[in-house]
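Written out below as structure tokens is the structure these notes cover.
The values are calculated or read from the model by the stated rules, or taken from the named source; none is laboratory data. Bear in mind that the values here come from a model prediction, so they are computed numbers and not experimental data. Glycine also receives a Cβ, built like all others from the backbone with ideal geometry; neighbour counts cover every protein chain displayed.
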Amino acid sequence: MIPYPSPEQRELELVELVARASATIPGTELIEYGRSVEQRPLHVVRVPSPASTASSVAPRVLVCANTHGPEFIGNRVCVGMLAKLIDDPPPPLRQLHERAELWLAPCLNPDGYARTHARDGAGTLAQLRHNHRGVDLNRNWPLPTGARRLPLPGAGSPTPGDATYRGPSPLSEPETAALDQLLTTQKFHASANLHSFMGTMFPPRVRTRAAAMAYARLCAALRQAQPHTRYLRIASRVFDTFTGEQEDHQHHAHGCWSICVECFSVRASLAQSFGRRVPLFWRFNPRDPQPWVDNDVPGVAAFLLATLDLPPAHP
């Protein structure tokens, strides 16, 4: 899977980047906020902002990735934000750091990552996507109060073994429970959740026109900051449904501007995998991640930066 790191290499890389960042941004730290089913650490990096003072803390923003086992490109974009912040941040990332405290959680599902790497990316979606207990972590979040889950494809299955099995109950998994506790304690103003491979943006399902219009503007900021491949926004107040996804929970339960970004693109995925006998992994991840890191880091930063001009999100 070169150039994608093994689980051990991924963790070592993160430790080394945090050490480098600490030399120029004092207070940068690697925090273990929980453990996976198989007791792998769940890590988040906190990068303090110069906007924080002794009497006032800058708003906090969060970038998450790799909640699904094979979606390694999201991990690369998330880690790339820290690497670029150290060396040569694009303008949206530099401006974001000047105004907000940046938190980065590059791998929400380390067990799924390890399983995907051990299988060299081969297997079905259900075999690679889940945590160790066979749960799709991005269907394990609570629905907003009064919402119901429609029986639509991908909306979260009640059947163990299905690719989108939602688990026995909301937040039943240690990975989602730990992250929800982090969301509760840190009160993030905004969050970007990185997936692959559709080259799209999915804002949460919202109930008001004002919220929908706000997300349209935020997604436009992300798209305009992408230098090469610009992603499409997919959203509908009429046809969208609640599925137990992270961005819906963050918006409705935590008042956090939130978005799902599907890194990479369908066209690029098909170009490298269509008609070829390749592992599932290469449907989700580019052979060379760096161009997509370069494309998506400024876009994600621009989305988060634009939220700082808004009050906290409301359902």
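If I ask for residues that are within 18 Å of Y4 (Cα to Cα), outside any helix (DSSP H, G or I) and charged (D, E, K, R), which ones from region 112-134 would you list?
Of the residues in region 112-134, the ones within 18 Å of Y4 (Cα to Cα) are 112-123, 128-129.
Next cut, outside any helix (DSSP H, G or I) only: 119-123.
Once the filter is applied, which keeps residues that are within 18 Å of Y4 (Cα to Cα), outside any helix (DSSP H, G or I) and charged (D, E, K, R), region 112-134 yields R119, D120.
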Whether any residue in region 228-237 is assigned to a loop (DSSP other than H, G, I, E, B), in contact with a Cys (Cβ under 9 Å, 6 or more places away or on another chain) and at pLDDT below 95 is what I want to check. yes
Out of everything in region 281-294 that is part of a helix (DSSP H, G or I) and out of contact with any Phe, Trp or Tyr (no Cβ under 9 Å at 6 or more places or on another chain), what residue ends up being surrounded by the fewest Cβ atoms within 10 Å (Cβ to Cβ)? Q290
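Would you confirm, using the coordinates I've provided, whether F264 is over 16 Å from P204 (Cα atoms) and of a type outside the set (A, V, I, L, M)? Write out each step before concluding.
On the way: over 16 Å from P204 (Cα atoms): yes; of a type outside the set (A, V, I, L, M): yes.
Yes, satisfied.
Of the residues that sit in region 138-161 and are of a type in the set (S, T, N, Q) and in a loop (DSSP other than H, G, I, E, B), which one is surrounded by the most Cβ atoms within 10 Å (Cβ to Cβ)? Steps first, please.
Initially, region 138-161 is screened for residues of a type in the set (S, T, N, Q), giving 138, 140, 145, 157, 159.
Among the residues that remain, those that are also in a loop (DSSP other than H, G, I, E, B) are: 140, 145, 159.
Working: N140: 27, T145: 8, T159: 8.
This residue is N140.
Per-residue answers, yes or no, for (1) surrounded by fewer than 17 Cβ atoms within 10 Å (Cβ to Cβ); (2) touching a residue at least 24 places away in the same chain (Cβ under 8 Å); (3) closer than 17 Å to A190 by Cβ:
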residue: H43; (1), (2), (3): no, yes, no
residue: S49; (1), (2), (3): no, yes, yes
residue: P70; (1), (2), (3): no, yes, no
residue: R76; (1), (2), (3): no, yes, no
residue: E98; (1), (2), (3): yes, yes, yes
Please determine whether any residue of region 44-66 is within 20 Å of W141 (Cβ to Cβ) and in a helix (DSSP H, G or I). no
Going residue by residue through region 107-116, is there one that turns out to be closer than 26 Å to A23 by Cα and either within 18 Å of the chain's Cα centre (by Cα) or without any contact (Cβ under 8 Å) to a residue 24 or more places away in the chain (or both)? yes
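Just for region 256-275: of the residues that are of a type in the set (G, A, S) and either in contact with a Gly (Cβ under 9 Å, 6 or more places away or on another chain) or without any contact (Cβ under 8 Å) to a residue 60 or more places away in the chain (or both), which one is farthest from M81 (Cα to Cα)?
First, the residues of region 256-275 that are of a type in the set (G, A, S): 258, 265, 268-269, 271, 273, 275.
If we keep only those that are either in contact with a Gly (Cβ under 9 Å, 6 or more places away or on another chain) or without any contact (Cβ under 8 Å) to a residue 60 or more places away in the chain (or both) as well, we get 265, 268-269, 271, 273, 275.
On the way: S265: 19, A268: 22, S269: 23, A271: 27, S273: 27, G275: 34 Å.
Applying the filter and picking the extreme gives G275.
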